[in-house]
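Asker: Please see the structure below; I have some questions.
The values are calculated or read from the model by the stated rules, or taken from the named source; none is laboratory data. Source: prediction; values computed, not measured. When we count neighbours, we look across all protein chains shown, and the Cβ atoms used for this are built from the backbone with ideal geometry, even at glycine. The area values use the complete protein model at the heavy-atom level, side chains included, leaving out ligands, DNA and RNA. Shrake-Rupley method; radii C 1.70, N 1.55, O 1.52, S 1.80 Å.
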Amino acid sequence: FSVDRWIGLLLTWCILKVFHEAGHALLCVRLGGRVGEVGLVFVLFAPLAYVDVSSSWRLSTTTRILISSAGILFELTIASIAMLLWLIADDAQTRFWLSNVILVAGVSTVVFKANPLMRFDGYYILSDLAGIPSLSSDGSLILNRLVRRSCYGDSLVITPRRGWKRWFVAAYGVSAAVWRKFVL
């Protein structure tokens, strides 16, 4: 993580994120959806590539989960290949670059993109698995109501969710808030 190597790490990250988004796009088209838009957005001064695969919402839940996981699977495949190449590479510079690929495509993908507590791929996978399309906003709403009840004595408005989904959404709201505080 030395400063003189950040540019190489940033370039590696940018290239891998393009492959990540290409994974979503290719699988979406292959499974009957269409890609509406491809672009780049800056979040906290970091460039993030994106593809609009919202057409997948008209497809089955299983298909949406596959499309959501495609970018992660693309990157983990690249990380696995980089690991194998790292094992046989002799050149120190090549091994260093491959370690960057492993770090970005493997570790950061699992920690951030696959993490359901952030509104990236893991979130959409969990949302589809639970059958709660508004998981993040419902979780934030429940957390807000719990805080208002604890701090101000407001009455707790009953949510439309029943049974395990109510508790799941509440646990998600608390967990996502804790994660956001931890990351920031």
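Asker: On each of the three principal axes of the Cα atoms of region 1-110, give max minus min coordinate, whole Å, ordered largest first.
Answerer: So the extents along the principal axes, rounded to whole Å, are 48, 32, 17.
Asker: In Å², what does the accessible area per residue of the chain work out to with a 1.4 Å probe?
Answerer: Values: 11450 Å² over 184 residues.
I get 62 Å² per residue for the chain.
Asker: Another one. Would you work out the charge dipole size for the chain about its Cα centre, treating the Cβ of every Lys and Arg as +1 and the Cβ of every Asp and Glu as -1, and quote it to the nearest 20 debye?
Answerer: Computed charge dipole of the chain: roughly 920 debye.
Asker: Which percent of the accessible heavy-atom area of the chain goes to carbon and sulfur, probe 1.4 angstrom?
Answerer: Working: 7920 of 11450 Å².
Of all accessible area on the chain, carbon and sulfur atoms account for 69 percent.
Asker: Using the Cβ atoms and a cut-off under 11 Å, what net charge is assigned to the surroundings of Ser54, where Lys and Arg are +1 and Asp and Glu are -1? Intermediate values should be presented prior to the final figure.
Answerer: Details: positive: Arg34, Arg58, Arg64; negative: Glu37, Asp52.
After counting each charged neighbour, the total is +1.
Asker: Any chance you could get the radius of gyration and Dmax over the Cα atoms of region 50-184, in Å?
Answerer: Reported Rg and Dmax, both Å: 19.4, 66.
Asker: May I ask which residue of Ser175, Gly32, Leu66 lies farthest towards the positive end of the charge dipole of the chain, with charges of +1 (Lys, Arg) and -1 (Asp, Glu) on Cβ and the Cα centre as origin?
Answerer: Ser175
Asker: Sticking with this structure for a sec: Specify, per residue and in Å³, the volume enclosed by the convex hull of the alpha carbon atoms belonging to region 1-46.
Answerer: Details: hull volume 3.5 nm³, N = 46.
Here the figure is 77 Å³ per residue.
Asker: Quick check: net charge around Ile125, other residues with Cβ under 12 Å of its Cβ, Lys/Arg +1 and Asp/Glu -1?
Answerer: Numbers: positive: Arg64, Lys113, Arg119; negative: Asp121, Asp128.
Charge balance near Ile125 sits at +1.
Asker: Near Thr63, within a Cβ-to-Cβ distance under 15 Å, what is the net charge of the other residues, with Lys and Arg +1 and Asp and Glu -1? Write down the numbers at each step before the final one.
Answerer: On the way: positive: Arg30, Arg34, Arg58, Arg64; negative: Asp121, Asp128.
Counting the neighbours of Thr63, the net charge comes to +2.
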